[in-house]
Amino acid sequence: MMRLVIKGGYGEHGRSCFITGFDDLRVMFDCGILDTDQYPYPTISKEEAQSIDLLFLSHAHKDHTGAVDHLIDQGFKGQILASKETLSFAKIDYDNTLILNGEPYQKGDLLITYGPSGHCPGSLWAYLRYHDATFFYSGDMQIDPLLYEIRLPKIKAKLAIIDMAHDAELRSAKELRADLVDLIAEHLAKGQKIILPVQLYGRGNELLYLVASSFKGHKIAVDRRMKEAMILMMQDLSWLKEDKKDHFLAIYDMVKDNDLLNANIIFTADTHLESKEIQDLVASIIDDRALVIATGRKKQGSYLASLLDEEKAIHIPYPHHQSRSDAKKFFEMNEFDVALPFHGKRKEVWHR
Ligand SMILES: [Zn+2]
Ligand SMILES: [Zn+2]
């Protein structure tokens, strides 16, 4: 008999943390923070932290790894399982870690298999089997990514937790991307510049690929941090789809020397436009001459949030998570008795 304890991430966008419990084994999936909350951590007592045998980290983003140090402070002594990208991007410094390099994890009657989830470098879904219990955890997932590798599982599980961060979004990933391209095209045609604040190790590269392949005649520039991240990621392209590796290198060559000020399309890794440098740049061109397009979460009090409030920026989600339509499709592709869509605002239970 398996018990699921939800510590965060269900009915909220962040703080993902789920514990599967058995008589003699406890496996935690992710341990993240909700950074917009006053108390950002999942509530984990010392006793609970000490009882966890294994912690599976799906990927590096802090809403999945940001509370690992807190868990360790609370007395966690188990083993961490994660890809090497997750461990390095999230700067996990812990003795007892096992790098997941494709081999299933097996110990006694416990089997954990996993595969790339199409969300960011090193992101993994997980499938746990222990005695007669079967459990699937998607982590953050996109079943139809442009750039990132995905190996779609076809899985039978009694319980599944699946990404539906865009729970109010009925358009599929393909449709959302087409709408985003249309929006950019409309404003470029008016002679405006486009500014795209993105996340470094996630939708940033997908968006760059989408924009570079859709707007070939335009000058695209990326800021210093994004360039550094691209260089770092070029050291290991195994997280990209096989047929996209050369494209990614070609895009880097195309953007690497372009100056932000002279570009038509500007990418910045300052997700909420919080540095003075980028604020000055945006302020100097915003009104008629540029449009900021936000594709992520709105952080209250940030410069980007104020632009959105003043309608100087437009928000359109980039589907590096799943929309309702993507999640439904994934649910139907597999055999899950019960599924809990997570990472969104609503709490729903789906039955087969
Ligand atoms: Zn993520
Ligand atoms: Zn997430």
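Assorted remarks:
- Residue in the stretch 114-134 that is closer than 30 Å to residue 212 by Cα, buried (at least 24 other Cβ atoms within 10 Å of the Cβ) and of a type in the set (Phe, Trp, Tyr) present: yes
- Looking only at residues of the stretch 336-347 that are more than 19 Å from residue 20 (Cα to Cα) and either surrounded by fewer than 17 Cβ atoms within 10 Å (Cβ to Cβ) or hydroxyl-bearing (Ser, Thr, Tyr) (or both), we find that the one that is nearest to ligand 2 (Cβ to nearest atom) is 345.
- Listed by first and then second residue, the pairs with beta-carbon distance under 8 Å, at least 6 apart or on different chains, first residue in the stretch 71-91 and farther than 21 Å from residue 123 by Cα, second assigned to a loop (DSSP other than H, G, I, E, B) and among the hydroxyl-bearing types (Ser, Thr, Tyr), are 72/94; 74/45.
- Count - residues of the stretch 255-269 that are surrounded by 15 or more Cβ atoms within 10 Å (Cβ to Cβ) and either assigned to a helix (DSSP H, G or I) or among the basic types (Lys, Arg) (or both): 2
Per-residue answers, yes or no, for (1) within 16 Å of ligand 2 (Cβ to nearest atom); (2) of a type in the set (Lys, Arg); (3) touching a residue at least 24 places away in the same chain (Cβ under 8 Å):
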position	(1), (2), (3)
108	no, no, no
118	yes, no, yes
141	yes, no, yes
146	no, no, yes
151	no, yes, yes
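- Within the stretch 19-32, restricting attention to residues that are surrounded by 24 or more Cβ atoms within 10 Å (Cβ to Cβ) and at negative phi, the residue that is nearest to ligand 2 (Cβ to nearest atom) is 32.
- Just one of the numbered conditions (1) outside the structural domain of residue 8 (by TED's automatic domain parsing); (2) buried (at least 21 other Cβ atoms within 10 Å of the Cβ) is not true of residue 242: (2).
The values are calculated or read from the model by the stated rules, or taken from the named source; none is laboratory data. Model, not experiment: these values are computed from the prediction. Quick reminder, even Gly has a Cβ in these numbers, built from the backbone with ideal geometry, and neighbours come from all protein chains shown.
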